[in-house]
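Input: a single structure, listed below in structure tokens.
The numbers here are math on the coordinates, done by the rules we state, and not lab data. Model, not experiment: these values are computed from the prediction. Positions of Cβ are generated from backbone atoms using ideal geometry, with glycine treated the same way; all protein chains shown enter the neighbour counts.
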Amino acid sequence: MNSTTNNIAFTPQQLQTIYDAVFRDSTDQPGFYFQDFGSELDSSTFRQKMIALKEGLSNICTLRSNKRLNFQGMGRFNHQHSSRFHRDSAEPHSFLMLGYEPTQVESNVYVADYTKYIEEHRTSLEAYFGGSQDVNTANDEELLAPYITQLAPFPKNHYRLLLVNNSKSFTEKTLGVFHRGEVLQLVEGEDRILNYMMLHLCDQSVEEQYDELTIRDFINTEKVNR
């Protein structure tokens, strides 16, 4: 699902749309949400809206399932390499939020619905991953071709946000997707800054691992891991 807007506020209706797309209960929904925020904002505001989206979705999780959405990790780094289709190592019910900042580096980003592939080919999640909880990559990317979505347009000079269902469990129903970044050409001296938040669904009793000071630092810092 794709949305382009200059208004960076998330309305209750937008939050519900995003929740339905990503926290899906069937492969009729895409398993991801992509939004182009344009260029008329700054990095701190962009990161603040990432936090606001996390909090808004956590509220819906509470209403829908009496669960909460907690941080598993977050950071800011210079991402200059292409990747294979993969899920990030995380909790079984996890959701990855990526915030791409304006750059001179051309790149493409793709999402592959391996869950839909498994469903339509009547195999199991465990069989697809060879019975290993440690395997988090596609075992044959060519087979996923009909299930791949390229995020387009993906203008390099805009703030862009991607939220994907990163879940994977052999014992519970999960409906995860893979993602893949493709850096087309490096530009000497130019960063490709990616803001990262890994979120996981958990019981209400589980305390948030990051305090307000840490979250505020994520919003305001100029540091980038390289």
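Could you check how many percent of all C-alpha pairs in region 1-127 are farther apart than 24 Å?
Here the long-distance tail beyond 24 Å is 36 percent of all Cα pairs in region 1-127.
Using C-alpha pairs below 8 Å separated by at least 6 residues, the relative contact order for region 2-220 is 35 percent. Enclosing the Cα atoms of region 157-212 in their convex hull gives a volume equal to 167 cubic angstrom per residue. If you model the chain as an ellipsoid using its alpha carbon gyration tensor, with each semi-axis the square root of five times an eigenvalue, the axes come out at 26, 22, 17 Å, biggest first. Quick one: among Phe129, Phe85, Phe23, which has the greatest mean-square fluctuation in a GNM of the chain with alpha-carbon springs under 10 angstrom? Residue with maximal mean-square fluctuation among Phe129, Phe85, Phe23: Phe129. For the chain, a Gaussian network of Cα nodes joined below 10 Å ranks Glu212, Glu141, Glu190 by mean-square fluctuation, and the top entry is Glu212. For region 74-149, a Kirkwood hydrodynamic radius built from all Cα pairs, placed in the Stokes-Einstein relation at 25 °C and 0.890 mPa s, yields a translational diffusion coefficient of 169 µm²/s.
Can you figure out the FRET efficiency of Asn108 with Thr17, using R₀ = 22 Å and their beta-carbon distance, to the nearest 0.05? About 0.35, to the nearest 0.05. Site pair Ala145 and Asp42 shows an inter-label distance of 4.7 nm when each label is modelled 7 Å from Cα along Cα→Cβ.
What the Cβ-Cβ distance of Ser124 and Thr214 gives, at R0 = 30 Å and to the nearest 0.05, is a FRET efficiency of 0.15.
Comparing Gln35, Gln48, Gln13 in a Gaussian network model of the chain where C-alpha atoms under 10 Å apart are linked, the largest mean-square fluctuation is found at Gln13.
Computed per residue of the chain from DSSP H runs no shorter than four, each worth -39500 (n - 2.57), the mean residue ellipticity at 222 nm is -7000 deg cm²/dmol. Inter-part distance, region 26-90 to region 175-197, computed on C-alpha centroids, equals 14 Å.
Pairs of lysine in the chain with Cα under 29 Å and at least 8 positions apart or on different chains: total? Within the chain, the lysine pair count is 16.
Modelled label positions at Arg226 and Leu186, each set 7 Å beyond Cα in the direction of Cβ, lie 1.3 nm from each other.
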